[in-house]
């Protein structure tokens with residue numbers, strides 16, 4: 001019963017039909033899985049089968065035992081976190097990538113993979129308006145790319161002695177970001193051996209953007225204490241609210257004190273495909289490195305992160321290894337991307353970027369992005385006009401942050417409790433999926449209009465659902 005070529009053909013055709021049906025009907029599933037902890041685990045046998053099992057049986061078990069435990073990120077009713085989008089072209093490319101099974105660690109192990117990646121990074125760089133001084137490489141996630149930036153900054157600052165001798169003789173390095181930046185920054189600082197205590201969180205303004213004057217003040221204080229400022233990280237679109245740090249003044253401070261300047265545009269970077277949104281990254285030419293995730297909002301399957309750096313020689317020197325079995329005659333005249341990041345092994349990720357950008361075209365991608373932003377603007381207007389809801393942060397792109405604030409409830413703890421209950425009730429019903437954050441200490445609901453297949457009808461239905469559930473939650477309070 002083990003698959004041969006002919007049975008593989010038959011099963012693959014059936015599976016592609018299932019894939020197309022799934023995408024077409026994804027909105028009919030409960031968006032967030034309704035299962036409880038352990039529900040899937042207890043359905044899986046304690047040991048693998050001794051003999052081959054038929055694919056029909058395996059796929060049937062997938063439908064019955066696995067699919068109910070999946071949260072449907074490709075549903076147009078998915079408004080949580082940031083999206084992990086896909087598209088038909090990206091799926092086809094992933095199928096080819098899996099079929100080729102290429103390990104693209106160096107140019108020689110698949111020349112076309114390396115050269116397509118180089119070209120795709122040029123395409124992306126130009127599409128989002130980065131200067132030609134940047135060169136790009138595909139990483140798996142933004143957290144990995146930021147770690148690469150920190151490690152490169154560390155090595156360059158130490159004249160590459162930390163890689164050789166360790167941190168024991170190095171000064172105390174300091175990293176600066178706002179309190180609104182992604183939690184992965186803290187994780188990266190710990191992994192890089194810099195110490196969580198040396199991540200300096202800078203105060204933000206009323207728009208939740210870093211205050212440059214506070215940044216420079218912190219740097220001066222650290223210098224007086226004998227610390228070594230290492231890296232400044234700006235957020236072009238924070239995770240909680242898509243707040244935008246001011247790149248120009250931050251970059252000027254970085255240059256003034258000879259500090260590595262890294263821009264984290266993991267989600268919002270895709271919006272830079274739109275010329276009208278590029279004002280958010282004014283001053284980006286001052287950055288040393290920049291990251292954004294096509295696997296979030298650019299319709300490309302996870303994982304695919306675009307990492308750009310000016311000083312490629314320092315990047316390569318930080319990560320380069322050259323054992324005898326990896327030496328080739330092309331060393332130094334081609335890009336061996338295993339030396340541009342942490343993992344030695346590399347997937348052929350450039351193929352799906354190529355498929356997506358060619359199939360959708362620049363205009364097609366821009367049209368979708370503009371539509372998503374328009375949907376968020378519409379929702380923003382509904383919330384502003386509603387007497388029982390309020391915006392909790394300025395909308396910059398396609399994320400709307402709001403809370404339910406009915407008349408008669410002014411206690412902040414009670415408001416937090418009410419909004420947490422609203423969120424859980426909405427998510428438990430399965431009609432849509434939202435997430436929460438804290439904005440200035442207050443419980444806030446986030447709704448992202450960014451899923452590949454989302455349309456106006458989905459956002460309007462979500463808003464109707466939110467109002468309906470909120471009213472029902474408030475009814476017991478009115479009776480008291």
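Of these, 436, 451, which one is assigned to a loop (DSSP other than H, G, I, E, B) and either surrounded by 14 or more Cβ atoms within 10 Å (Cβ to Cβ) or touching a strand residue (DSSP E or B) at 6+ places or on another chain (Cβ under 6 Å) (or both)?
451
Name every residue in the range 38-63 that is closer than 22 Å to residue 8 by Cα and in contact with a helix residue (DSSP H, G or I) (Cβ under 8 Å, 6 or more places away or on another chain), in order of residue number.
55, 59
How about the range 220-250: which of its residues are in contact with a strand residue (DSSP E or B) (Cβ under 7 Å, 6 or more places away or on another chain), farther than 17 Å from residue 200 by Cβ and assigned to a helix (DSSP H, G or I)?
Once the filter is applied, which keeps residues that are in contact with a strand residue (DSSP E or B) (Cβ under 7 Å, 6 or more places away or on another chain), farther than 17 Å from residue 200 by Cβ and assigned to a helix (DSSP H, G or I), the range 220-250 yields only 247.
Return the residues of the range 68-104 that are touching a residue at least 24 places away in the same chain (Cβ under 8 Å) and assigned to a helix (DSSP H, G or I); say none if nothing qualifies.
68, 69, 88, 89, 90, 91, 92, 93, 94, 96, 97, 100
Looking only at the range 18-52, which residues are under 28 Å from residue 462 (Cβ atoms) and not in a helix (DSSP H, G or I)?
29, 30, 31, 32, 33, 34, 35, 36, 37, 39, 40, listed by residue number.
Residues are listed down the side, and each one gets a yes or a no for (1) surrounded by fewer than 22 Cβ atoms within 10 Å (Cβ to Cβ); (2) over 28 Å from residue 80 (Cβ atoms); (3) at pLDDT 95 or above:
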| site | (1), (2), (3) |
| --- | --- |
| 230 | no, yes, yes |
| 235 | no, no, yes |
| 244 | no, no, yes |
| 252 | yes, yes, yes |
| 258 | yes, yes, yes |
| 262 | no, no, yes |
| 269 | no, no, yes |
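Among residues belonging to the range 397-428 that are over 30 Å from residue 274 (Cβ atoms) and touching a residue at least 60 places away in the same chain (Cβ under 8 Å), point out the one that is surrounded by the most Cβ atoms within 10 Å (Cβ to Cβ).
It comes out as 404.
Okay, residues lined up against (1) in a helix (DSSP H, G or I); (2) over 23 Å from residue 206 (Cβ atoms):
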position: 395; (1), (2): no, no
position: 403; (1), (2): no, no
position: 426; (1), (2): yes, yes
position: 431; (1), (2): no, yes
position: 459; (1), (2): yes, yes
position: 464; (1), (2): yes, yes
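Return only the number of the condition from (1) at pLDDT below 95; (2) surrounded by fewer than 18 Cβ atoms within 10 Å (Cβ to Cβ); (3) touching a helix residue (DSSP H, G or I) at 6+ places or on another chain (Cβ under 7 Å) that residue 324 does not satisfy.
(3)
Which residues, taken from the range 284-314, are at pLDDT below 95 and crowded, with 24+ Cβ neighbours inside 10 Å?
None; the set is empty.
Considering only residues that are over 12 Å from residue 397 (Cβ atoms) and assigned to a loop (DSSP other than H, G, I, E, B), which ones fall in the range 263-289?
Selection gives 266, 282, 283, 287, 288.
Do we have residue 81 as surrounded by 13 or more Cβ atoms within 10 Å (Cβ to Cβ), at positive phi and either at pLDDT 95 or above or outside the structural domain of residue 458 (by TED's automatic domain parsing) (or both) here?
yes
What is the number of the single condition among (1) touching a strand residue (DSSP E or B) at 6+ places or on another chain (Cβ under 7 Å); (2) more than 16 Å from residue 310 (Cβ to Cβ) that residue 261 does not meet?
Of (1) touching a strand residue (DSSP E or B) at 6+ places or on another chain (Cβ under 7 Å); (2) more than 16 Å from residue 310 (Cβ to Cβ), only one is false for residue 261: (2).
The values are calculated or read from the model by the stated rules, or taken from the named source; none is laboratory data. Just so you know, these numbers come straight off a predicted model, no measurement behind them. So basically every Cβ, Gly included, is an ideal-geometry build from the backbone, and we count neighbours across all protein chains shown.
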